[in-house]
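Everything below concerns the one structure shown next.
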Amino acid sequence: MSTDLHAYMQGLGQQARAASRLMARAETAQKNAALLAIAEAIESRRSELVAANQSDLDAARSAGLDSALVDRLALSDKAIATMIEGLQQIAALADPIGEITELKYRPTGIQVGKMRVPLGVIGIIYEARPNVTIDAAALCLKSGNATILRGGSEAIRANQVLARCIRDGLEQAGLPAEAVQVVDTTDRAAVGLLITMPEYVDVIVPRGGKGLIERISRDARVPVIKHLDGICHVYIDNDADVGKAIRVADNAKTQRYAPCNTMETLLVHQDIAATVLPPLADIYRRKEVELRGCPATQALLPGIKAATEEDWVTEYLAPILSIRIVTDLDAAIEHINHYGSHHTDSIITEHYSKARRFLREVDSSSVMINASTRFADGFEYGLGAEIGISTDKLHARGPVGLDGLTSQKYVVFGNGEIRQ
């Protein structure tokens with residue numbers, strides 16, 4: 001590791017810490033003005049951004065990166081519009097900072113409550129998906145935090161353009177440009193430095209492959225908000241509406257293959273399997289989805305591959321689906337809690353009590369009734385955007401939006417009271 005890189009990362013940390021103090025006291029109107037100015041800068045630099053992204057895509061293909069990664073890297077017109085819309089939505093959201101809740105009088109006369117405050121400096125490490133640069137910057141900005149962003153080397157050109165857009169917006173609103181800093185090196189050693197600077201960084205959010213997240217969770221010296229896998233399930237109950245079941249199971253798998261909230265395992269109640277699986281299998285075959293099934297599924301759908309124990313714990317991120325026929329709701333819940341990754345799971349049923357049981361007993365960060373797992377992201381949840389998905393139980397869980405990037409402290413209001 002070079003001395004220059006160490007000094008560079010230390011400099012980013014020092015500037016972020018200083019900027020975080022200014023961001024903590026920034027007015028809501030000022031933060032919103034910065035967000036809208038960033039959106040305008042992206043629009044004005046659109047052609048520059050598209051050209052930079054195309055260079056990234058060309059380099060990724062030349063390097064032989066897999067199609068799923070290249071898919072996540074691409075910035076289509078729709079993706080750019082979504083970034084801009086996300087900035088506008090976050091600007092329209094209520095500012096959580098300074099909110100005081102649970103204010104109660106105590107017998108002594110004092111009032112005790114909780115105030116929402118920024119976390120401070122957030123380090124975000126991610127692969128591909130240059131839109132994460134904007135989502136992360138926007139959420140950190142609105143929640144009064146400073147952030148250091150380390151995107152993947154495969155998106156370095158697009159991220160550099162986005163960094164200029166962010167700087168333009170911050171400066172236009174009179175906020176410190178150092179409130180959002182994009183690491184301008186592809187040296188992987190920068191990651192090791194970023195996650196071991198507790199004097200400057202308060203929390204790390206990794207977004208990427210399992211290997212990256214495991215490494216950061218193992219080596220970080222600051223708290224980490226993370227999820228490792230997206231092994232998501234849809235369970236079709238015997239009380240399901242068949243039309244809904246087919247529509248949801250199709251969408252949950254085939255709407256996009258690369259995201260972490262795409263269904264990887266389909267569970268079907270034995271009493272409805274013969275009704276719902278053949279038409280679903282026809283849809284999957286037309287869309288060239290490879291099916292792997294348990295013995296009961298193979299008997300019903302001749303010619304499909306056998307699902308192995310490894311399939312139940314695999315996040316494919318590809319047009320591959322494992323299918324298991326189960327005896328009842330208990331077996332479905334047991335399978336999900338045993339093999340799942342605590343990300344997102346859905347039940348298709350018209351039975352109220354079974355739906356409520358599924359909500360209570362499935363130990364995942366998002367649990368759904370009669371809806372596609374593809375809805376499990378901050379944009380669809382109305383958070384404006386998300387900084388990632390957390391499958392941890394402390395400090396945030398599920399899509400991490402504004403509230404997930406804040407903490408609370410106790411505040412006390414008195415009028416000269418003293419403790420007896």
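Only one residue in Asp345, Asp328, Asp377 is modelled with pLDDT of 95 or more and buried (at least 17 other Cβ atoms within 10 Å of the Cβ). Which one?
One residue alone meets the criteria, Asp345.
Return the residues of segment 86-119 that are within 29 Å of Arg72 (Cα to Cα) and assigned to a loop (DSSP other than H, G, I, E, B); say none if nothing qualifies.
Result: Leu93, Leu119.
Which residues, taken from segment 401-416, are at pLDDT 90 or above, closer than 19 Å to Val132 by Cβ and either in a loop (DSSP other than H, G, I, E, B) or aromatic (Phe, Trp, Tyr) (or both)?
Leu402
Of all residues in segment 104-130 being open to solvent by 50 Å² or more (accessible area, probe 1.4 Å) and either closer than 18 Å to Ile225 by Cα or free of Cβ contacts under 8 Å to residues at least 60 places away in the same chain (or both), which is nearest to the chain's Cα centre (by Cα)?
Applying the filter and picking the extreme gives Glu127.
Restricting the search to segment 362-385, which residues are of a type outside the set (Ser, Thr, Tyr) and over 19 Å from Ala396 (Cα atoms)?
Hits for segment 362-385 are Ile369, Asn370, Ala371, Arg374.
Please go through segment 51-67 and pick out each residue that is out of contact with any helix residue (DSSP H, G or I) (no Cβ under 6 Å at 6 or more places or on another chain), assigned to a helix (DSSP H, G or I) and surrounded by fewer than 16 Cβ atoms within 10 Å (Cβ to Cβ).
Passing the criteria: Ala51, Gln54, Asp58, Arg61, Ser62, Ser67.
Could you please tell me which pairs satisfy a Cβ distance under 9 Å, a separation of 6+ or placement on different chains, a first residue in segment 386-413 that is closer than 23 Å to Ile100 by Cα and of a type in the set (Phe, Trp, Tyr), and a second residue that is assigned to a strand (DSSP E or B) and open to solvent by less than 90 Å² (accessible area, probe 1.4 Å)?
Tyr410/Val112; Tyr410/Gly113; Tyr410/Lys114; Tyr410/Met115; Phe413/Leu103; Phe413/Gln111; Phe413/Val112; Phe413/Gly113
Residues to consider are Leu149, Leu141, Leu170, Leu162; find the one that is open to solvent by less than 10 Å² (accessible area, probe 1.4 Å), among the aliphatic types (A, V, I, L, M) and in a strand (DSSP E or B).
Of the residues listed, the single one that is open to solvent by less than 10 Å² (accessible area, probe 1.4 Å), among the aliphatic types (A, V, I, L, M) and in a strand (DSSP E or B) is Leu149.
Go through segment 1-47 and count every residue that is part of a helix (DSSP H, G or I) and open to solvent by 70 Å² or more (accessible area, probe 1.4 Å).
14
Can you name every residue in segment 73-92 that is touching a residue at least 24 places away in the same chain (Cβ under 8 Å) and open to solvent by 50 Å² or more (accessible area, probe 1.4 Å)?
Thr82, Gln88, Gln89, Ala92
Quick grid of which residues meet (1) in a loop (DSSP other than H, G, I, E, B); (2) at pLDDT below 95; (3) of a type in the set (Lys, Arg):
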| site | (1), (2), (3) |
| --- | --- |
| Asp282 | no, no, no |
| Arg285 | no, no, yes |
| Leu291 | no, no, no |
| Ala299 | no, no, no |
| Glu309 | yes, no, no |
| Trp312 | no, no, no |
| Arg324 | no, no, yes |
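The values are calculated or read from the model by the stated rules, or taken from the named source; none is laboratory data. Treat the numbers as computed from the prediction; the structure is a model and nothing was measured. Here the Cβ is made from the backbone with ideal geometry for all residues, glycine too, and neighbour counts use every protein chain on show. Side chains included, ligands, DNA and RNA excluded: accessible areas come from the protein's heavy atoms. Shrake-Rupley method; radii C 1.70, N 1.55, O 1.52, S 1.80 Å.
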